Amino acid sequence: MNILFVIDPLDSFKIYKDTTFSMMREAQRRGHRIWSCEPRHIGWRTGGKVQAQVNELTLTGAPDAWYRIDSSPVRALAEFDAVLMRKDPPFDSEFFYATHLLEQAEREGAKVFNKPAALRDHPEKLAIMEFAQFTSPTLVTRDPAAVRAFHAEHQDIILKPLDGMGGMGIFRVKADGLNLGSIVETLNKDGAETIMVQRFVPEIVKGDKRILVIGGKPVPFSLARIPQGSEVRGNLAAGGKGVAQPLTERDREIAEALGPVLAARGLLLVGLDAIGDCLTEVNVTSPTCFQEISDQTGFDVPAMFIDALEAALAG
């Protein structure tokens, strides 16, 4: 097969932990041809098909010069057997436009994973609201008075922007309400932007768990991202320590409830985040943690993913 990865610049990859790299490596191991482009390389001209300047890659196995570009033609996306959208967040205007170009490529015959419309329909923080039975009390609002009332009810809360990633912009406010007004003003820009407020889940000390769901089925291990020192955030980008562990009964309950629903919507790969027994995010843009889980447990997550991709293409 010919598999096109729509990605961030190749030279930005940290291959010792990069999930997209692990997908590429497994695909190449199976004899598939791998290609890459960045969203900025995709274009559409009237009367033509969506196309891109693409690079055919060979992975060298070397730690530094880890890839070789064998050719760089311009090709229609519909010519590939699969197109994997693996551009990292944030989900900004350019990401939004890219999903529309990819959706047009679908109309021309391309098979895109995750499905572009599903990427747009599942903003990663807001998506949990559909599954309220698995979440802690949550409020989405622009209204500072509503935030103050939520804090008065729950006393210990987390506030965060809807478009944050890697733990960016997350604040905790305890019962004393210290700096609550200032934090709300900072996050919602005097009412211009919507924010999310949640009751604090103390089990964060045991980690913010990433539960991977592939083809509707959970990977049997999560990666608990454990905050270090006085930090409240477990995100690896914020200094959290990643520890792989078997799914708990609750983890599996959440994954098995959401997995088939999300897979039916065209989401081949989903990263569910959970703290304690509570679902906190539904990550669909470019879920990670393949290599950390595989390295620590021996379970081959990239192989499970390529199996699911091959099955989806054969179906």
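The values are calculated or read from the model by the stated rules, or taken from the named source; none is laboratory data. Since we're looking at a predicted model, the values are computed, not measured. We place every Cβ from the backbone using ideal geometry, glycine too, and count neighbours over all the protein chains shown. Quick note on the areas: whole protein, heavy atoms, side chains included, nothing else; ligands and nucleic acids left out. Shrake-Rupley method; radii C 1.70, N 1.55, O 1.52, S 1.80 Å.
What to note about this one:
- The set of residues in the stretch 223-269 that are in a loop (DSSP other than H, G, I, E, B), more than 23 Å from Thr285 (Cβ to Cβ) and modelled with pLDDT under 95 comprises Pro227, Gln228, Gly229, Ser230, Glu231, Val232.
- Matching residues, the stretch 153-174, being among the aliphatic types (A, V, I, L, M) and in a loop (DSSP other than H, G, I, E, B): Leu162, Met165, Met168, Ile170
- Test: residue in the stretch 115-135 that is under 30 Å from Ala175 (Cβ atoms) and small (Gly, Ala, Ser): yes
- If the condition is being on the phi < 0 side of the Ramachandran plot and either surrounded by fewer than 23 Cβ atoms within 10 Å (Cβ to Cβ) or touching a His at 6+ places or on another chain (Cβ under 6 Å) (or both), then the stretch 100-112 contributes His100, Leu101, Glu103, Gln104, Glu106, Arg107, Glu108, Ala110, Lys111.
- Residue match in the stretch 21-37 (condition: open to solvent by 60 Å² or more (accessible area, probe 1.4 Å), at pLDDT 95 or above and of a type in the set (Phe, Trp, Tyr)): no
- In this entry, Thr60 is excluded by the filter for residues that are polar (S, T, N, Q), at negative phi and surrounded by 13 or more Cβ atoms within 10 Å (Cβ to Cβ).
Residue-by-condition table, conditions (1) surrounded by fewer than 15 Cβ atoms within 10 Å (Cβ to Cβ); (2) under 30 Å from Ala263 (Cα atoms):
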position: Ala149; (1), (2): yes, no
position: Ile157; (1), (2): no, no
position: Gly167; (1), (2): no, yes
position: Ala175; (1), (2): yes, no
position: Ala192; (1), (2): yes, no
position: Ile195; (1), (2): no, yes
position: Pro218; (1), (2): no, yes
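- Selection from the stretch 151-163 of residues that are under 22 Å from Pro89 (Cβ atoms) and either touching a residue at least 60 places away in the same chain (Cβ under 8 Å) or among the β-branched types (Val, Ile, Thr) (or both): Ile158, Asp163
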